[in-house]
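Q: Below is one structure. I have some questions about it.
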Amino acid sequence: MGEVELSCRAYVKMYLHACLFPRCSINGLLLSSSSAGGAVCVTDCVPLLHSHLPLAPITQLALTQVDVWCSQTQQRIVGYYQANACVSDSSPTPCALKIADKIAEQFNNAVLLMIDGGKMSPDYRVPPIVMYERKDSRWTLKDKHTIMLRQWEETRAIASQMLESGDHMLLVDFDSHLDDITKDWTNQKLNNKIAELASPANGNV
Amino acid sequence: MASVSELYDVGWEEMRDKLRKWREDNCRNSEQIVDVGEELISEHGSKLGDDIWIIYEQVMIAALDCSRDDLALTCLQELRKQFPDSHRVKRLSGMRLEALERYDEANKHYDAILQDDPTNTAARKRKISILKAQGKSAEAIRELNEYLEHEAVSVLYQSAPCFPCDFHSYGKAAFCLEELMMTNPHNHLYCEQYAEVKYTQGGLENLELSRKYFAQALRLNNRNMRALFGLYMSASHIAASPKVGAKVKKDNMKYAAWAATQINRAYKLAGRGTKENKCSVKAVEEMLESMQITMS
């Protein structure tokens, strides 16, 4: 099937989400601000839960709210990510498949991304992710060569740097938002930090 | 690198009290516990008196969490010297072996404890956790079931709801939560979690139960946002169901409307003054509008 590109911002936030809750299963949604057709560009992600992933109400709530936010900001939900608490097992759980199915109903080229906890050691060289795509109503492993992370070395460096300086503590997922609704699950602050680190030489806004 | 006491301008008593608070609240902020605990033990160990033993235990467990085996071993050795025959310390040894993924040796430790004391809940819990960590989910559930059938111990139930949920045994999760609610009737989190399980199981009867328990959770804590949203969603779904009579529909629309007002109010309050939350406030408003059930 088609190519999938993962942006720095999306990767770093997923990575920090997994690092913030190392003993929990975590999940979230992958978003795109590009127009449909051609490669799927995952430009952002929304971290959702770190507890009780298989329970329905909060997941439904989160999906609805993110959907609404996407339509307000010209984005769309193009995929789902999850990291299992059990590091040795990075296969999609039934709840992951269910949510991914729902997303695929609205977007044909949806992707299911599993973070491979076993590959997240400090000196890892390859992106610790496994991607699935929908073929013939089943989620099948995607060909690694169709997955692109532009400037991977830079992205990896940014993720490590932010983890070391404790920036992962700034990340707000939907679960944390419900514990304190003044917290922003769109993570604008974190997005700005990532943007700063990604382009130090430019005088961008 | 600056010490904790320098960075935060605290004395050793404050550090000791912080550790106690984290113990009492069952916090798992292991990095912080290691930072504070390590300094407290090395610089002020002599001032702690008998408190030092429980601090060694607390720091040891936190150190395992942070892969600080050096620190964990130091604490463990002190505890072993002081309490040579203790089951509690033996369990800590087992936990260290688990952290090093030496599961067979860890199991031997726990089996030894259980031989001496078959009612030792902590050791049973650890054995089940090992199965879970090894990905042996079916065996883990079997052990858990067996244990739950013979012992009604809330300590075990507490970790139990997450467990069956992970493996989609919602019925078991509900059972554990029912037991927990009986022994902890004022705990709004159990009520809310039970409601979520019922909602997930689906069907009209379960939805009505879930609505009742979301409402109960709110009575116990009127700031539980999950319960508020849960009440809104369950009542809305019931009202929209073709199987309910006019009165039930009307009642549930009232509940849903009430919940919606509370939600809106909470978000307006939260959004006041902060630009950041404009998106969440707007998203919730739109969501509530789109989910509104119209009178037919």
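Every number in this text was worked out from the coordinates using simple rules, so none of it is lab data. Quick caveat, the model's predicted, so the values are computed rather than measured. Positions of Cβ are generated from backbone atoms using ideal geometry, with glycine treated the same way; all protein chains shown enter the neighbour counts.
Q: Based on Cβ point charges of +1 for Lys and Arg and -1 for Asp and Glu, what charge dipole magnitude is obtained for region B:40-143 about its Cα centre, in debye rounded to the nearest 20? Display every interim value, and only then the final one.
A: Numbers: 17 positive and 18 negative charges, 64 e Å.
That gives region B:40-143 a dipole magnitude of about 300 debye.
Q: Are there trypsin sites (Lys or Arg not before Pro) in region A:58-133 that DSSP marks as loop and that have at most 10 other Cβ atoms within 10 Å, and which are they?
A: On the way: sites: A:ARG76, A:LYS98, A:LYS102, A:LYS119, A:ARG125; in loops: A:ARG125.
When the trypsin sites (Lys or Arg not before Pro) of region A:58-133 are filtered for loop state and at most 10 Cβ neighbours within 10 Å, A:ARG125 remain.
Q: Just how far, in whole angstrom, is region A:156-179 from region A:1-76 if you go by their alpha carbon centroids?
A: Distance between centres, Cα-based: 15 Å.
Q: Taking 56 Å as R0, compute the FRET efficiency from the Cβ-Cβ separation of A:MET169 and B:LYS243 and round it to 0.05. Kindly include the intermediate steps, with their values, before the conclusion.
A: On the way: r = 47 Å, r/R0 = 0.84.
Computed FRET efficiency for A:MET169 and B:LYS243 comes out at 0.75.
Q: Under 29 Å between C-alpha atoms is the cut-off here; go through chain A and count lysine pairs that meet it, provided they're at least eight residues apart or on different chains.
A: For chain A, qualifying lysine pairs total 26.
Q: For region A:4-198, what relative contact order do you get, as a whole percent, if you take Cα pairs closer than 8 Å and at least 6 residues apart?
A: On the way: 322 pairs, mean separation 47.6, N = 195.
Over region A:4-198, the number comes to 24 percent.
Q: Right, here's the next one. Could you compute the FRET efficiency for B:HIS44 and B:GLN82, with r as their C-beta to C-beta distance and R0 at 25 Å, rounded to 0.05?
A: That pair, B:HIS44 with B:GLN82, gives E of 0.90.
Q: Restricting to DSSP loop positions (anything but H, G, I, E, B) with no more than 14 other Cβ atoms inside 10 Å of their own Cβ, which trypsin sites (Lys or Arg not before Pro) remain in region B:111-143? Walk me through the intermediate numbers first.
A: Working: sites: B:ARG124, B:LYS125, B:ARG126, B:LYS127, B:LYS132, B:LYS136, B:ARG142; in loops: B:LYS136.
Hits after loop and neighbour filter: B:LYS136.
Q: Using a cut-off of 10 Å between beta-carbons, work out the net charge of the residues near B:TRP12 (Lys and Arg +1, Asp and Glu -1, B:TRP12 not included). List each step's numbers first, then the result.
A: Values: positive: B:ARG16, B:LYS47; negative: B:GLU13, B:GLU14, B:ASP17, B:GLU39, B:GLU43.
Net charge around B:TRP12: -3.
Q: Charges on Cβ only, +1 for Lys and Arg, -1 for Asp and Glu, centred on the Cα centroid of the protein assembly as shown; of B:PHE229, B:ASN252, A:VAL66, which one is farthest towards the dipole's positive end?
A: Highest projection toward the positive end goes to B:ASN252.
Q: Residues of A:80-88, mean number of Cβ from any other protein chain within 10 Å of their own Cβ, rounded to a whole number? Write out the running numbers ahead of the final one.
A: On the way: counts 0, 0, 0, 0, 2, 4, 6, 2, 4.
Across the residues of A:80-88, the mean count of other-chain Cβ atoms within 10 Å is 2.
Q: Still on this model: Please compute the modelled spin-label separation between A:ARG125 and B:ASP51, points set 7 Å along Cα→Cβ, answer in nm with one decimal.
A: Calculated label separation equals 5.0 nm.
Q: If you don't mind, there's one more thing I want to ask. Placing +1 at every Lys and Arg Cβ and -1 at every Asp and Glu Cβ, with all other atoms neutral, what dipole size does the protein assembly as shown have around its Cα centre, in debye to the nearest 20?
A: Dipole about the Cα centre, nearest 20: 1740 debye.
Q: Taking all pairs of distinct Cα atoms, average 1/r, flip it, and tell me the Kirkwood hydrodynamic radius of chain A in Å to one decimal place.
A: On the way: mean 1/r = 0.0587 Å⁻¹.
Computed over chain A, the radius equals 17.0 Å.
Q: Still on this structure, I have one more. With each pseudo-label sitting 7 Å past Cα toward Cβ, what's the A:SER91-B:SER137 distance in nm, one decimal?
A: 0.9
Q: Still on this structure, please answer the following. Give, as a single signed number, the net charge of other residues whose beta carbon lies under 13 Å from the beta carbon of B:ALA239, with Lys and Arg counted +1 and Asp and Glu -1. Spell out each step's value before the answer.
A: On the way: positive: B:ARG211, B:LYS243, B:LYS247, B:LYS249, B:LYS250, B:LYS254; negative: B:GLU208, B:ASP251.
Net of charged neighbours comes to +4.
Q: In addition: Consider a paramagnetic label point 7 Å from the Cα of A:THR146 along Cα→Cβ; state which residues of region A:90-123 have an amide N under 15 Å from it.
A: Those under the cut-off are A:108-113.
Q: Further question on the same structure: How many angstrom separate the Cα center of region A:92-118 from the Cα center of region B:217-251?
A: Centre-to-centre (Cα) distance: 29 Å.
Q: How much space per residue, in cubic angstrom, does the convex hull of the C-alpha atoms of the protein assembly as shown take up?
A: Hull volume normalised by residue count: 183 Å³.
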